[in-house]
Amino acid sequence: MRAACPVAPPPLGLRYCARPAFALERPSQVDADRVLYRLPKPQPDGRTALSLTPLELLDRLAALILPPTPTLPSSPKTPRASPSLNANRN
């Protein structure tokens, strides 16, 4: 391996796509009924962790996921603006 050969960093989009949705080292199972989730920063009330049931944790994580946006089907009968018409709009 050459030491003088620089390694290019991954593109910005790839770097964020490759990250996990949340830090995997924060949750830990206390017992069969409780999960302890350590917060990245202390809350205003001083809490540094949340003690939740597994279903409560999944409910909070699911609330962070945005619903899919409906896409309208494109129809060949729908008129579209010509690129040449848009170019003459000065």
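The values are calculated or read from the model by the stated rules, or taken from the named source; none is laboratory data. Since this is a predicted model, take the numbers as computed values, not measurements. Here Cβ is always computed from backbone atoms with ideal geometry, including for glycine, and neighbour counts include all displayed protein chains.
At a glance:
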read-out	value
Qualifying residue in region 37-45 (condition: modelled with pLDDT of 90 or more, surrounded by 10 or more Cβ atoms within 10 Å (Cβ to Cβ) and in a loop (DSSP other than H, G, I, E, B))	yes
Hits in region 1-29 (condition: modelled with pLDDT of 70 or more and exposed (fewer than 10 other Cβ atoms within 10 Å of the Cβ))	L24, E25
Any pair with Cβ under 8 angstrom, 6 or more apart, that starts in region 45-71 at a residue that is over 15 Å from P27 (Cβ atoms) and ends at one that is hydroxyl-bearing (S, T, Y) and in a helix (DSSP H, G or I)	none
